[in-house]
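A.B. asks: I have a structure I would like to understand better, so I am pasting it below and will then ask my questions one at a time.
Derivation of every value follows stated rules applied to the coordinates shown; laboratory data play no part. Just so it is clear, the model here is predicted, and its values are computed rather than measured. A quick note on method: Cβ atoms are made from the backbone with ideal geometry, for glycine too, and the neighbour counts reach across all protein chains shown.
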Amino acid sequence: MNGASIVQKHQNLEPVHLGQKDIPLVELPIGTIKPQFKISNLKVSYGAKEVLHGVDLDVFANVVTALIGPSGCGKSTFLRSLNRMTEVVRGTQVEGEILLDNENVFRMDVVKLRRRVGMVFQRPNPFPKSIFDNVAYGLRINGHHDSLSEAVEHSLRRAALWDEVKGQLHKSAYALSGGQQQRLCIARALAVNPEVLLLDEPCSALDPITTAKIEELLFQLKSSCTIVIVTHNMQQAARASDFTAFLLDGQLVEYQSTRKLFTTPSDPRTEAYITGRFG
Ligand SMILES: Nc1ncnc2c1ncn2[C@@H]1O[C@H](COP(=O)(O)OP(=O)(O)OP(=O)(O)O)[C@@H](O)[C@H]1O
Ligand SMILES: [Mg+2]
């Protein structure tokens, strides 16, 4: 169900401000959607170069939010800020406020934060271990040693990979195809039950059938997890997300229900981008 159809299904609507002050309101059902992340005036610099210039955006719980925009506009930087992966790059400075369920992420234990906010990257990056050990990895480092087999099976099922690997859990993850490796990385991220899953162009190296499987997976996962996905593929954003944020040169241009953004964008720059006139 996309954002617009969520709205149509409910009578009780209230205007909710999405994103920056000058961005139009959309109508959302009262009480049915709560912000999971509240991001205010987020600025990120690499050394002296500021690449995000003060982004305000609420990410809603249990929906899929797509981030779109031309290469270099700051999508990955924005995504990585949410679980403080930006800190992995030396010389990165982050300003502003990011609240996760009203808790300041900069004051949280970073290991706990990343357990709550998992991440999947553009290229599948399984560990040089067996399929089983990849999925069990996060559980083991978090001190879970009981019922590992059940937990691994559950995560592989959630990532729509179980049927393909159930007879070969002790084979190397490297023996899987690219699409299977990407679903394995999703299973690994899901194993620790994150509240939020961040996906940075997870399908860019995948064929259309595997891409369709991952989109279907997002649809199923959102009942238990909040999803933010970066994609260059407009059809994917339109198909798989409920809300879409369009970033340009480190600024948020428009943030809307996906249906509205792709049918009646309110900013001419959004329209130019989604119709392929630049980017
Ligand atoms: N580690 C880094 N050091 C210096 N500059 C960086 C670093 N990572 C990103 N940048 C710069 O920050 C800007 C935003 O990069 P980012 O990777 O967030 O963009 P993006 O929208 O994800 O692009 P793409 O669609 O190509 O993945 C770019 O100008 C990029 O060159
Ligand atoms: Mg990127």
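A.B. asks: Using only alpha carbon pairs under 8 Å that are at least six residues apart, calculate the relative contact order of the range 3-274 and give it in whole percent. Could the numbers behind the result be given before it?
C.D. replies: Working: 529 pairs, mean separation 69.4, N = 272.
Once divided by the residue count of the range 3-274, the mean separation gives 26 percent.
A.B. asks: So if R0 is 51 Å, what FRET efficiency would Asp207 and Glu97 give, r being the distance between their Cβ atoms, rounded to the nearest 0.05?
C.D. replies: On the way: r = 40 Å, r/R0 = 0.79.
Efficiency at R0 = 51 Å is approximately 0.80.
A.B. asks: Can you tell me, using C-alpha contacts under 8 Å and at least 6 residues apart, the relative contact order of the range 91-202 as a whole percent?
C.D. replies: Details: 139 pairs, mean separation 47.9, N = 112.
Over the range 91-202, the number comes to 43 percent.
A.B. asks: Using the crude model of +1 on Lys and Arg Cβ and -1 on Asp and Glu Cβ, and no other charge, please compute the dipole size for the chain relative to its Cα centre, in debye to 20. The partial results should precede the final answer.
C.D. replies: Details: 31 positive and 29 negative charges, 113 e Å.
Charge dipole, the chain, about its Cα centre: 540 debye, nearest 20.
A.B. asks: For Ser172 paired with Lys38, estimate the spin-label separation in nm (one decimal), with each label point 7 Å from Cα along the Cα-to-Cβ line.
C.D. replies: The answer from the label model is 4.9 nm.
A.B. asks: Which net charge results for the neighbourhood of Glu201, defined as the other residues with beta-carbon distances under 11 angstrom from its beta-carbon, given Lys and Arg at +1 and Asp and Glu at -1? Intermediate values should be presented prior to the final figure.
C.D. replies: Values: positive: Lys75, Arg123; negative: Asp200.
So the surrounding residues net to +1.
A.B. asks: While we're on this one: For a footprinting-style exposure proxy, rank Thr86, Thr226 by other Cβ within 10 Å, fewest first. Don't skip to the end; give the middle numbers.
C.D. replies: Details: Thr86 20, Thr226 24.
Ordered by Cβ neighbours within 10 Å, fewest first: Thr86, Thr226.
A.B. asks: A follow-up question, please. Could you tell me which residue out of Ser241, Gly178, Leu217 lies farthest along the dipole of the range 3-274 toward its positive end? Charges go on the beta carbon: Lys and Arg +1, Asp and Glu -1, centred on the Cα centre.
C.D. replies: The Cα lying farthest towards the positive end belongs to Gly178.
A.B. asks: Here is a further query. Between the alpha-carbon centers of the range 124-187 and the range 189-211, tell me the distance in whole angstrom.
C.D. replies: 14 Å
A.B. asks: What would the Debye equation give as log₁₀ I(q)/I(0) for the chain at q = 0.08, 0.13, 0.14 Å⁻¹, counting only Cα atoms as equal point scatterers?
C.D. replies: -0.33, -0.88, -1.01
A.B. asks: Can you give the net charge of the other residues whose Cβ lies under 15 Å from the Cβ of Val110, counting K and R as +1 and D and E as -1?
C.D. replies: +4
A.B. asks: So, in nm, how far is label Glu87 from label Gln220 when the simple model puts each one 7 Å beyond its Cα toward the Cβ?
C.D. replies: Output for this residue pair reads 3.4 nm.
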